[in-house]
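The values are calculated or read from the model by the stated rules, or taken from the named source; none is laboratory data. Nothing here was measured: the structure is a model prediction, and the numbers come from that model. Every residue, glycine among them, receives a Cβ derived from its backbone with ideal geometry; neighbour counts consider all protein chains shown.
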């Protein structure tokens, strides 16, 4: 009992394990997936995607196990066309569902429809057979079960309630600011909710190329050449780590796509946690809460959490690198600068745009280390870190200047070409930004021609149309309106704050991000070249000034109330749009 009283966190963790086991035992699943093609049958894991001849027929069958669920929806994405569907031997009217011949749209069948068609043959288990044919390219299918029930809901709520309690108890033991713990827990819940309801290739970018890269490493045991797949020009760090996850899934006879997705989720928590650690080093009081809350719920950051691709690991290394820089400025300890340099190097070898992380390190050395050479005696470890910076930074600078940043740019569709006149960079169309809930790379009427319109809107919801209901459009436009207000507070924070060495580092990194985006758009004149996903970590340089603009020294009550109102409405609206997608 003394042990329990001294370490109640262990009891809570054990209770969570019990909840998780019960959820798993009573959970729903799709099993016994059989793929019939050309007279042969193989056992498969979803999703199925394989090269086929145009018009080639094939059949996929599977069992649906509902567990403790009361109701469910079966979400199906055929590649490309369902020509027949039977459930427990009963023919299903698949043509009633728009999307039965569309991989992108897909279709959903609910439990009520199963019961209506099957009648007495309806039960807790269903054997589903899809007769299909391929239209072109890859052929296959993916499907997922969304289930609902009182007992699973109770177990889920209990699990996350215990998780929240555990987070705050561990945080209290480690003396972590409760405001930051709240931000982390909120960010965790949002990411779990979004990841659970997102297909591996949903709202992604070049997912097929990323999967091919991962699969090559995992199954052929070599780093592919630049032209071996669409995404193979990227540096290998993310893909090597993901290949380990892929191989583990294969060993456990689980879906490798899901394992890679949840690995990305873990990377997103690393980025979230180290980002909050940076905010802790920069701000105090309510300013810390504002910046932490915005970092945790920022929609484009949230959208990247389960996305198959190297973006999210890049964010994690950026956050670690900036954390090292901030702690070096605070303590003058070389180990923090070494951490920053190593993380920046890994960021570059995750994605070439990671080279920008060296901007903050270089400025930190100029404003902190160089003056100390003349006024104090730097420690030996500091000199080691400077040597490491010179070697690794010089090497990466050489690689960046001598290699193409986007090696597959020539393969982009001409429909995403945009104009690069001065007006495209100097003008911001406020009317289009506020009245159009979303933006995409193809339609001028949404604002894609204007650099700042595209960058700002993709900073919210990427290039995607998310919650496309009337209410969803309202929430998206409301988030856009609050975004404009927050930009105003950011400008006020930049103007009013008395800058110190840390602020110089943040502003330099901020400018480096924005200049790199302008350069990318000028070199590759495609609308998608200035997608905000490339520079999400710039938020760690921007949000401290946003918070200072709202509740910095001398802020009036009116300014604080207006700022907090904009922050809360933005957080709620953006979260609804993303989770409702």
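Only one of 137, 187 is over 24 Å from residue 23 (Cβ atoms) and out of contact with any strand residue (DSSP E or B) (no Cβ under 7 Å at 6 or more places or on another chain); which?
Numbers: 187 fails: over 24 Å from residue 23 (Cβ atoms).
Residue meeting the stated conditions: 137.
Within region 437-453, if we keep just the residues that are crowded, with 22+ Cβ neighbours inside 10 Å and closer than 24 Å to residue 198 by Cα, the residue that is farthest from the chain's Cα centre (by Cα) turns out to be 437.
Take residue 13 and tell me if it is over 22 Å from residue 138 (Cα atoms), at pLDDT below 85, crowded, with 18+ Cβ neighbours inside 10 Å and in contact with a helix residue (DSSP H, G or I) (Cβ under 9 Å, 6 or more places away or on another chain). No: the conditions fail for residue 13. Here 460, 466, 434 are screened, and the one residue that is crowded, with 17+ Cβ neighbours inside 10 Å and either more than 22 Å from the chain's Cα centre (by Cα) or in a helix (DSSP H, G or I) (or both) is 460. Note on region 102-128: among residues that are within 30 Å of residue 53 (Cα to Cα) and buried (at least 18 other Cβ atoms within 10 Å of the Cβ), the one that is modelled with the lowest pLDDT is 103. Looking at region 129-148, is at least one residue over 26 Å from residue 58 (Cα atoms) and either touching a residue at least 12 places away in the same chain (Cβ under 8 Å) or surrounded by 15 or more Cβ atoms within 10 Å (Cβ to Cβ) (or both)? Scanning region 129-148 turns up at least one residue that is over 26 Å from residue 58 (Cα atoms) and either touching a residue at least 12 places away in the same chain (Cβ under 8 Å) or surrounded by 15 or more Cβ atoms within 10 Å (Cβ to Cβ) (or both).
Taken across region 177-184, residues that are in contact (Cβ under 8 Å) with a residue 40 or more places away in the chain, in a loop (DSSP other than H, G, I, E, B), more than 23 Å from residue 574 (Cβ to Cβ) and under 26 Å from the mean Cα position of the chain (by Cα) do occur, with at least one present. From the residues in region 382-428 that are part of a loop (DSSP other than H, G, I, E, B) and exposed (fewer than 14 other Cβ atoms within 10 Å of the Cβ), which one is modelled with the lowest pLDDT? The residue in question is 404. If you check residue 359 against the conditions, is it more than 30 Å from residue 256 (Cα to Cα) and in contact with a helix residue (DSSP H, G or I) (Cβ under 9 Å, 6 or more places away or on another chain)? Judged against the criteria, residue 359 is a match.
What's the total number of residues in region 42-63 that are out of contact with any helix residue (DSSP H, G or I) (no Cβ under 9 Å at 6 or more places or on another chain), assigned to a strand (DSSP E or B) and touching a residue at least 40 places away in the same chain (Cβ under 8 Å)?
Filtering region 42-63 for residues out of contact with any helix residue (DSSP H, G or I) (no Cβ under 9 Å at 6 or more places or on another chain) gives 42-44, 48, 50-63.
Restricting the remaining residues to those that are assigned to a strand (DSSP E or B) gives 42-44, 48, 50-51, 57-63.
Those left that are additionally touching a residue at least 40 places away in the same chain (Cβ under 8 Å): 48, 50-51, 57-63.
Residues in region 42-63 being out of contact with any helix residue (DSSP H, G or I) (no Cβ under 9 Å at 6 or more places or on another chain), assigned to a strand (DSSP E or B) and touching a residue at least 40 places away in the same chain (Cβ under 8 Å): 10 in total.
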